[in-house]
1. Please pick out the residue among B:25, B:84, B:114, B:18 that is touching a His at 6+ places or on another chain (Cβ under 9 Å) and under 30 Å from residue B:148 (Cβ atoms).
2. Taking the stretch A:216-235, which residues are among the hydrophobic types (A, V, I, L, M, F, W, C) and closer than 16 Å to residue A:130 by Cβ?
3. I'd like the full set of residues that are modelled with pLDDT under 75 and of a type outside the set (Lys, Arg), limited to the stretch B:71-101.
4. If you take the residues in the stretch C:374-391 that are out of contact with any helix residue (DSSP H, G or I) (no Cβ under 7 Å at 6 or more places or on another chain) and more than 7 Å from every other protein chain (Cβ to nearest Cβ), which one is surrounded by the most Cβ atoms within 10 Å (Cβ to Cβ)?
5. In the stretch A:181-198, is there at least one residue being among the small types (Gly, Ala, Ser) and part of a helix (DSSP H, G or I)?
6. Checking residue A:122 against (1) without any contact (Cβ under 8 Å) to a residue 60 or more places away in the chain; (2) assigned by TED's automatic domain parsing to the domain that holds residue A:377; (3) farther than 21 Å from residue A:69 by Cβ, only one condition comes out false. Which one?
7. Residue C:381 - would you say it is on the phi > 0 side of the Ramachandran plot and either modelled with pLDDT of 95 or more or touching a Lys or Arg at 6+ places or on another chain (Cβ under 6 Å) (or both)?
8. Taking the condition of being touching a residue at least 40 places away in the same chain (Cβ under 8 Å), more than 17 Å from the chain's Cα centre (by Cα) and surrounded by fewer than 16 Cβ atoms within 10 Å (Cβ to Cβ), how many residues in the stretch C:13-37 meet it?
Amino acid sequence: MSELNRLLKELEGLNADLHEKDFLLTWDKSEAELKSVLLVAESLRDLYRNNISARCFESGLAISNFRDQSTRTRFSFASASNLLGLAVQDLDETKSQIAHGETVRETANMISFLTEVIGIRDDMYLGAGHTYMLEVAEALDDGYRNGVLPQRPAIVNLQCDVDHPTQAMADLMWLKEYYGGLDQLKGKKIAMTWAYSPSYGKPLSVPQGIIGLMTRFGMQVSLAHPPDYDLIPDVVDVANKNAAESGGTFEHGNSMEDAFKDADIVYPKSWAPYHVMGKRTELLRAKDTDGLKQLEQACLAENANYKDWECTEEKMKLTKSGKALYMHCLPADITGVSCKEGEVSDSVFERYRLETYKEAGAKPFIIAAMMLTSRMKDPVGLLGQLAKRGTVRKIG
Amino acid sequence: MSELNRLLKELEGLNADLHEKDFLLTWDKSEAELKSVLLVAESLRDLYRNNISARCFESGLAISNFRDQSTRTRFSFASASNLLGLAVQDLDETKSQIAHGETVRETANMISFLTEVIGIRDDMYLGAGHTYMLEVAEALDDGYRNGVLPQRPAIVNLQCDVDHPTQAMADLMWLKEYYGGLDQLKGKKIAMTWAYSPSYGKPLSVPQGIIGLMTRFGMQVSLAHPPDYDLIPDVVDVANKNAAESGGTFEHGNSMEDAFKDADIVYPKSWAPYHVMGKRTELLRAKDTDGLKQLEQACLAENANYKDWECTEEKMKLTKSGKALYMHCLPADITGVSCKEGEVSDSVFERYRLETYKEAGAKPFIIAAMMLTSRMKDPVGLLGQLAKRGTVRKIG
Amino acid sequence: MSELNRLLKELEGLNADLHEKDFLLTWDKSEAELKSVLLVAESLRDLYRNNISARCFESGLAISNFRDQSTRTRFSFASASNLLGLAVQDLDETKSQIAHGETVRETANMISFLTEVIGIRDDMYLGAGHTYMLEVAEALDDGYRNGVLPQRPAIVNLQCDVDHPTQAMADLMWLKEYYGGLDQLKGKKIAMTWAYSPSYGKPLSVPQGIIGLMTRFGMQVSLAHPPDYDLIPDVVDVANKNAAESGGTFEHGNSMEDAFKDADIVYPKSWAPYHVMGKRTELLRAKDTDGLKQLEQACLAENANYKDWECTEEKMKLTKSGKALYMHCLPADITGVSCKEGEVSDSVFERYRLETYKEAGAKPFIIAAMMLTSRMKDPVGLLGQLAKRGTVRKIG
């Protein structure tokens, strides 16, 4: 258990307080708070590897509200909830009375009487997802303050239009593990670049999450995309500000090659053009089906101008010693495997495949850490108690 | 724990026996039995507030069978199951082989081998929901008696065509709390009235549940609705009989104003015309889609004749000191919020909004109490044991 | 607890090792391994009957992946998972990103980070279901070997195109109970016959599972079906080989009457013609909707030639003393109940109805035994420990 002791000692030193706070955007959190989430996630992983139960709830619901499809985040959320002892209940809006004009304020309270955590994915509408989460948060505050709810459930952002904090934090946990410590990230260059995909309407939240988080730790973050594929300006501002404060750098250009040059890490990933995502929100709200179809065609045609934005062996040679670490939130659009032409060549992806799987493997523990730090007053004490209790997770 | 001791002492004195009995209709239960459910619900809430686990099942399924959409009852059922240690498994008839001509008798047994509770919502067809639950009950009796099932799962009615006992009992628990005791309800006037809504086909089970239950406790129950909006005659008879026995009164008229006059409590809520619900069952069975559309139009047109059946500030002034408690099972159709013209004005609803949320908050504990009293031989002993065991519900 | 001791003693004597192995086909398993699964299932049932918790996981997911509809297997899987302490998470491919070209290899890893068991039903395509399970298995091996997964989840075949081992093993457990021991099955004649049904496309896996398993225990297995309704030739070979090795017999003909003659047990059940199932796979892959409709019509017309393949009172008279045990995996197509003309007459089915329900009741324990023997190194030790621990399953 010496590994756990080391983690808890460091956690104690940070003295961060995430109790009763939602996890919506990484840039709402202090460096100490982000480091705490990592340390709690690592502690939970350590308990898991030592076959010690991390169950700290005897009962309680963890509600998942997926307003877009999901596999890995869905299973990561389920795993995290289950690890802590919570039962997952899906809020399927098609099976509920929410369509009947019920307010967000009301629904948020109605589902929360014995609820500890609410995980929300709402990434389809630019300008809507984060706003929705704030609305739910306010409703929960109101219900808790007024005695409707016996506890204030924590909201965990499972991807909105602005950030994808469980992904970005899992990526950070993976990088910390890969390089042997957060301090090892200082000065490392990460290229967050657009990549071609024959698909339409991918959210901007992954690249935004990466530039918003990796600039916190003294990294040299290089964002590159074709001209029309900008990110939300406010998030780019956040990245600039973060880099200045952390002693890192933030570059922003339109050349994949420049971004890859001497990079330690590359993260090539498709997203939709900014103006398309804005237009799409309008059309979706107006229920303009024809307009949406036309927009999709126009967007795919625009994408097709940038088929050379593929992570090939040749481009990988531009990176530091030709050996940058390839990252992806998965599923990647792999040329010749999942599509004809895509984000990454088959051979590059295959060489880093297991690394991307390990990257994904951090997510259940990150989500559990977000839940635990929000719902528990004293994570250090709790984790120590769990270790001391030593209940076997799997007998035999 | 003195509050719990007080509750358990009262519970013991009632000497009620709900063991191995389903909870389908409140009027099938004695006064002592209804009081017992309230006391068990209050005991579970007390344990919850004191952070003591009420888990009394190490394993076992709680099956939910929603034949109509639901949010708050779905989450209340999930919360109640989880509180006692049961895992929810949804019987989604679209994903099963039930459409393949399988009998209710067979399905009921097939899903019940390791099942403790079955919750059913079946409120769409007048003359069908309660009948279906009886059919399931008979099948379970048959299976248990003949050694197919190692235990007899309890059926909890999560709303049928006749009664909505989890709602009515939660409402009663809320009134008991609000007024400080069941005896405080004696002589209080409650107006259960129809209200306008631009929606179609709302079940009759809430008003039926309210008049069938509130007449048990010496209240002055006043039912009012437009001429064609009658309830099932048998239930009205039950209300009359109950009132006579409990020393209360039961009035039945066609004026919202008369019902509101001097009321301590108002419960304005829309439901479909009786003849429409009867016709609808026929058309649904005949799969007459065109007929159903015509019926919906006719029903909405009929509704529109009674737009003045709205719970306005003006009507609230008719109530006792103008300060009657407003109740609703939620979601309410709020004028200017969830619809153009609805059951209640925005300002009235907003003034009582938190009260309606608290009213809803009783439901998880009521459902858990129904489960516990049906599955456990000695609730007093069990609850005492849980308190003595003192397992912490949420560590840290 | 002497019953449990007896079971564990026998289990220990078998010295079988199912640890870390998937359960895909019964004929991949040795006789000792099959007997071990039965004994573990019986031990779990004994613990259940004695109200002792079999919970051996404090956390962990059990994933269900139903690519075809299911009621009893779905609930059996949920019950088994819950019995051992695992939380069920459904992999609903319509709600996931799998449609986006994600590989099986990737998905298998992405859902498995904290997963102990994956149950798969994939029985629609001849030549596809078993292949898919092998692909998932290989992906899990790869992920586990390379440090992506902290444990190797067990795959349980919940019905594929080749075998339906949870059904066949539950049937065997039922026969063992019914006749008082596996040795009592030696020499008993079981007629596995086709039967008429007005339905289309029923898988071949139940009859294949039955002939593949029952030939292991010295039974006289008689398979009969109309000319075009052959089973997969490889499986028929397996049955022949098994019978030769176990001292049983395997007959294969085209007369229901011959098969029923002097049978101790009859298992009349419909399935699709072999050539139809092959053609269907092609059409499904080609997404040829019109072709599929035509095939369905042709198949139903072909079925209709064999309406006399019904298990009637008259045919039952041919069996041993006219009293053969009737078996079915359910739901049966009962003449005059679930269809106009079907697999079995109402009176025959009704006489054996409770027996078929008890047959089905073995399945949750069989699935739990498959999970436990695959995930746990020392089932004898574990079961003994559970009994010694003696945690009450249901308090009060």
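The values are calculated or read from the model by the stated rules, or taken from the named source; none is laboratory data. The structure displayed is predicted, hence computed values, not measured ones. Every residue, glycine among them, receives a Cβ derived from its backbone with ideal geometry; neighbour counts consider all protein chains shown.
1. Result of the check over B:25, B:84, B:114, B:18: B:25.
2. The answer is A:231, A:232, A:235.
3. Correct list: B:94, B:96, B:97, B:98, B:99, B:100, B:101.
4. So the residue we want is C:375.
5. No, the stretch A:181-198 contains no residue that is among the small types (Gly, Ala, Ser) and part of a helix (DSSP H, G or I).
6. Result: residue A:122 fails condition (3) only.
7. Judged against the criteria, residue C:381 is not a match.
8. So the count comes out to 2.
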